[in-house]
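Heads up, the thing below is written out as structure tokens.
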Number of protein chains: 2
Amino acid sequence: MNGAEILVKTLIDNNVEVCFANPGPSEIHLVAAIKNSEKIRPVLALVEGVATGAADGYGRMAGKPAITMLHLGVGLMNGSTNLHNAKRAKTPLLNIVGDHPDTHLHYDAPLTTDIRAIAAHTSDCVYRVSNIRTLGSDTARALQATAENNGQVATLILPANVAWEEGAVPASTLPKKQKAQVDEQIVKQVRDAFKKRTRIALLLRDEALKDNGLRRAGKIAEATGARLFSDTFYPRIQRGAGYPMVTRLPYHTEDALAVLKEIDVLILVGAQPPISFFAYPGGSSSSLPATCKVITLSHPHEDGPAALEVLCSLLNVHEGNKGLITKLALPDLPKEGPLTPEGAMRIIGRLLPPQTVICDESISSGLPYYALTAAVQPHDMLQLTGGSIGCMLSASIGAAIACPDRKVLCLVGDGSAMYTIQALWTMARENLDITIVVYSNRNYAFLEQEMELMHVVTKKVKKPPMLYLGDPDLNWIKLSQSMGIEAAQAETTKEFYALFKTAMSGKRPFLIEAMI
Amino acid sequence: MNGAEILVKTLIDNNVEVCFANPGPSEIHLVAAIKNSEKIRPVLALVEGVATGAADGYGRMAGKPAITMLHLGVGLMNGSTNLHNAKRAKTPLLNIVGDHPDTHLHYDAPLTTDIRAIAAHTSDCVYRVSNIRTLGSDTARALQATAENNGQVATLILPANVAWEEGAVPASTLPKKQKAQVDEQIVKQVRDAFKKRTRIALLLRDEALKDNGLRRAGKIAEATGARLFSDTFYPRIQRGAGYPMVTRLPYHTEDALAVLKEIDVLILVGAQPPISFFAYPGGSSSSLPATCKVITLSHPHEDGPAALEVLCSLLNVHEGNKGLITKLALPDLPKEGPLTPEGAMRIIGRLLPPQTVICDESISSGLPYYALTAAVQPHDMLQLTGGSIGCMLSASIGAAIACPDRKVLCLVGDGSAMYTIQALWTMARENLDITIVVYSNRNYAFLEQEMELMHVVTKKVKKPPMLYLGDPDLNWIKLSQSMGIEAAQAETTKEFYALFKTAMSGKRPFLIEAMI
């Protein structure tokens, strides 16, 4: 077996089933090994940002590592921003990146880059395989690393000569490492805080927004009157009927400060103290009022759900499905007339099928209406964690491949969608059950808001051309069709209702341009 | 004046007229300062790769630095591969990248990255402005740096607080630094090589492929019988009638070795010794036969044209327009029938208007037919220098803005074009005189060739899905129209001839899908 074949065998032995890829000549042996294995589904992306964004979505939903294959340092660069988002999401993700052989590197051929240094920006750990004999075990180790600390991005650099050499040695599968446990003394401190009957809230993130972690938090909230918060931008939450009510912290620092003024003690479960996304002249970087004390129950790398279990037991919170939303509360439908972001969200909340995965990058069009979907059918929601727009359209691909029996709904602004618009083609090729709602306001509306927040004024009435997406308007119907996806436009609530309803009953990719 | 205003004033004082941008909140004061100045043309790109690619094209053609404005480290990451290409092209280019204020950085907000380290991969020099009082002079220095060493990529990192603070100090304009001159002893060595009447060739790059440098090389070739070569991938060449005949070194190492076997001494003028693009099992990284001696007349950072002038004088080569192609030799038209890459190139060569700027990323569809356009109307040709595909569609934007009176022709493979397809929208918005020929073979044809070169075989007859661009086929007409550009498809030589002729007489962006 050559190196590429051993690498692919190691992936298969570790239960890898999908590879999101845009390969080049340096990865051609891997392409052949994956094809010949017939056990890994190769998903081609037309640009690497789509591959890494898809991997992010897959890793967040699949409960196992997502794999990308990227061409040299330039492929890694093209995929870097969505890896930045994935790293901030603690997504388990392994990049396999080809490199020139060492013998070729010192010629400084045009595609030569320092891949290790490039990978370091967006990876928790980087491995470069220099020896065919350790390739298998290096691969197993890199896969193991993706599961550590509640999820990491790892990069494995494979020089082309190691891929084509014969004599590779198969590797044993490595066990998942145990999660770091929270010291009981810490949990007792938190318990004591509850006993003081102060106004308490839990700020939940990562594992504490899912499954048992989330349910335990719900029970504690019900038993103690504590509130549950999430960050504005979290990797994933389970939400709606059957889950606890979790309030999303507002995006604007002043709004977040106002919410947290009502809290005396904020317990962090996998989260960091809340901060402002950007800095503003004279503004505060912290979103934490001076009156609010912070206690860290679990750090991001620790086992938050286990700590919550201990806390439940210390607080004598034991029984059943307490603290969960038991009744659907669907939003009222909007009045007939022109479509608005709020109207669209009401219709979405109303018609959302159970177990939908929502990949949300609607930003200015979605954030204000988040609460409307608090108690709709149970669903997962993924947010943009690293702030680099152009993620969720691609993440939808990965979510749909990880969850083939669930509807995926991508809510995305027109500006965001254009960043990795090539994602549409991969959705069509893989025939994925994804509905895309593009909020078409022909604007970087979010930037306009930020301009106001910064008290920046420009001379003329006409919009600054750098913030304005029109001229020419994008034709979303043609754009979508050009990559093989059916699409339609909704200008009124009635049209949006009809289109969204049809989309929810379909099984193929479909794009709705929501004219807002 | 605030920091942003001083920065923009410094740009204007240094004759900057265009900024290729995709800003975010951290750059909002720059957006306002540029708009309010009314002297810099802001060109919005829907993704940063388009902005940096456009800047590369602009810098190669404008004879002055190209400017980008990018949003934080993630914007820089998105634009990194085309900066990699620009750095390999020695394009004078200044990136202005916003950053969080220092006071905000240590909160590790979602968009926090190590911008200086990210910039280092693709920049020759990186400046981070930390003080409002030095902002003006730092900007002037960064601009000056872009002209050094025959062209450099510089990055200026501007924390948002420095942009919004008042109290900035205007800067003096800095002079262009003198170019490094070649020692006359070196030129004499080269002269001596000519005297030995061996088989000599000059390998020209950068300034030696343009203007006086190129003309001097032509005279030397005519007088001495030396051959003139260029690299396979050079930043820019002036070519066709009125310029010397320069042979492009073949892409494949074996072919390059065969060509250079006929040469005893290879004189490098701004070039490096020729090497293989990729490594192959058992293959050579050097494209230089052991029998071929190399002498460096000028290093890439040195003044090659001046060295050629000294060489002319040492060789007693003085008079007029010697060694230039004096007669047009247009290729024969192809036979009627289905369009082929060769047929397309014959028609292009036949109908090319004088002074066209060709941005070439046709790769497998263009390379074999390069010689067909050797003696057509005078034109400039730009190539992909860094090997990272997805450059030339965007570079066309910059070339068209730098040369508003010249036709720009982008020759691009379908796979390449999809990397930064968002470039079409910017072409439409700026209403640029660009004709795009997309070679539509629904394939990464180049990768298929590489697979053969690597002797890699896959099990089944069906193409590996990672190399195959069909399923679904892209609809280039709709794709183009969706972003505001007229388009048409040519399946036969007759159709291509008609469309290309129409396009050459127009003044607006137009896309031809060449079905090959």
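Of all positions in region A:202-224, at least one carries a residue that is hydroxyl-bearing (S, T, Y) and more than 14 Å from every other protein chain (Cβ to nearest Cβ). Looking at region B:87-113, which of its residues are among the polar types (S, T, N, Q) and within 16 Å of B:A154 (Cβ to Cβ)? If the condition is that a residue be among the polar types (S, T, N, Q) and within 16 Å of B:A154 (Cβ to Cβ), then B:T91, B:N95 are the ones that fit. Residue pairs whose Cβ atoms lie under 7 Å apart, sitting 6 or more positions apart in sequence or on different chains, and linking a residue in region A:407-433 that is within 8 Å of chain B (Cβ to nearest Cβ) to a partner that is among the acidic types (D, E), are A:R429/B:D471. The lone criterion from (1) at negative phi; (2) surrounded by fewer than 24 Cβ atoms within 10 Å (Cβ to Cβ) left unmet by B:N431 is number (1). Aliphatic (A, V, I, L, M), under 26 Å from B:Y251 (Cα atoms), free of Cβ contacts under 8 Å to residues at least 12 places away in the same chain and within 14 Å of chain A (Cβ to nearest Cβ) - does that describe any residue in region B:279-291? Within region B:279-291 (the criterion being aliphatic (A, V, I, L, M), under 26 Å from B:Y251 (Cα atoms), free of Cβ contacts under 8 Å to residues at least 12 places away in the same chain and within 14 Å of chain A (Cβ to nearest Cβ)), the answer is yes, since at least one residue qualifies. Residue count for region A:457-471, restricted to those that are modelled with pLDDT of 85 or more and over 31 Å from the mean Cα position of the chain (by Cα): 1.
Matching residues to (1) within 27 Å of the chain's Cα centre (by Cα); (2) under 21 Å from A:G398 (Cα atoms); (3) surrounded by 24 or more Cβ atoms within 10 Å (Cβ to Cβ):
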| residue | (1), (2), (3) |
| --- | --- |
| A:V74 | yes, no, yes |
| A:N78 | yes, yes, yes |
| A:T103 | no, no, no |
| A:P110 | no, no, no |
| A:V126 | yes, no, no |
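With respect to the conditions (1) at the interface with chain A (Cβ under 10 Å from one of its Cβ atoms); (2) among the aliphatic types (A, V, I, L, M); (3) assigned to a strand (DSSP E or B), B:A4 falls short on a single one, namely (3). If we scan region A:253-262, do we find a residue that is away from chain B (no Cβ under 14 Å), touching a strand residue (DSSP E or B) at 6+ places or on another chain (Cβ under 6 Å) and either farther than 28 Å from A:L409 by Cα or surrounded by 20 or more Cβ atoms within 10 Å (Cβ to Cβ) (or both)? The answer is no, given that none of the residues of region A:253-262 is away from chain B (no Cβ under 14 Å), touching a strand residue (DSSP E or B) at 6+ places or on another chain (Cβ under 6 Å) and either farther than 28 Å from A:L409 by Cα or surrounded by 20 or more Cβ atoms within 10 Å (Cβ to Cβ) (or both). B:L393 meets all of the listed conditions (1) hydrophobic (A, V, I, L, M, F, W, C); (2) surrounded by fewer than 24 Cβ atoms within 10 Å (Cβ to Cβ); (3) more than 22 Å from B:Y497 (Cβ to Cβ) but one, namely (2).
Could you tell me whether A:S130 is modelled with pLDDT under 95, assigned by TED's automatic domain parsing to the domain that holds A:H29 and at negative phi? Spelling it out, A:S130 is indeed modelled with pLDDT under 95, assigned by TED's automatic domain parsing to the domain that holds A:H29 and at negative phi.
B:K39 meets the conditions (1) facing chain A (nearest Cβ under 9 Å); (2) in contact with a helix residue (DSSP H, G or I) (Cβ under 6 Å, 6 or more places away or on another chain) in every case but one. The failed one is (1).
Apart from one condition, A:A201 fits all of (1) part of a helix (DSSP H, G or I); (2) surrounded by fewer than 24 Cβ atoms within 10 Å (Cβ to Cβ); the exception is (1). Among the residues of region B:459-503, those that are in a strand (DSSP E or B) and either free of Cβ contacts under 8 Å to residues at least 12 places away in the same chain or within 14 Å of chain A (Cβ to nearest Cβ) (or both) comprise B:Y468, B:E486, B:A487, B:Q489.
Residue by residue, here is whether (1) closer than 25 Å to A:V269 by Cα; (2) assigned by TED's automatic domain parsing to the domain that holds A:A490; (3) surrounded by fewer than 21 Cβ atoms within 10 Å (Cβ to Cβ); (4) among the small types (G, A, S) holds:
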position: A:M345; (1), (2), (3), (4): no, yes, no, no
position: A:P354; (1), (2), (3), (4): no, yes, yes, no
position: A:S365; (1), (2), (3), (4): no, yes, no, yes
position: A:Y370; (1), (2), (3), (4): yes, yes, yes, no
position: A:A374; (1), (2), (3), (4): yes, yes, yes, yes
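Between A:I200, A:I237, A:I186, the distinction of being within 22 Å of A:G320 (Cα to Cα) and either under 20 Å from the mean Cα position of the chain (by Cα) or touching a residue at least 60 places away in the same chain (Cβ under 8 Å) (or both) belongs to A:I237 only. Evaluating A:A21 against the criteria (1) at the interface with another protein chain (Cβ under 8 Å from one of its Cβ atoms); (2) part of a loop (DSSP other than H, G, I, E, B) leaves one unmet condition, (2). Against the conditions (1) touching an Asp or Glu at 6+ places or on another chain (Cβ under 8 Å); (2) loosely packed, with under 13 Cβ neighbours inside 10 Å; (3) touching a residue at least 60 places away in the same chain (Cβ under 8 Å); (4) not β-branched (V, I, T), A:K177 satisfies every one except (3).
Identify, from the list A:A193, A:A223, A:A171, the residue that is among the aliphatic types (A, V, I, L, M) and in a loop (DSSP other than H, G, I, E, B). Among A:A193, A:A223, A:A171, only A:A171 is among the aliphatic types (A, V, I, L, M) and in a loop (DSSP other than H, G, I, E, B). So how many residues does region B:286-335 have that are of a type in the set (S, T, N, Q) and on the phi > 0 side of the Ramachandran plot? Within region B:286-335, residues that are of a type in the set (S, T, N, Q) and on the phi > 0 side of the Ramachandran plot number 1. Of the residues making up region B:362-399, those that are in a loop (DSSP other than H, G, I, E, B) and polar (S, T, N, Q) are B:S362, B:Q377, B:T385, B:S388.
Considering region A:219-252, the residues that are surrounded by fewer than 22 Cβ atoms within 10 Å (Cβ to Cβ) and among the basic types (K, R) include one that is nearest to A:L308 (Cα to Cα), namely A:R227.
The values are calculated or read from the model by the stated rules, or taken from the named source; none is laboratory data. If you're wondering where the values come from, they're calculated on a predicted model, not measured in any experiment. Note that each Cβ is placed from the backbone with ideal geometry, even for glycine, and that neighbours are counted across all protein chains shown.
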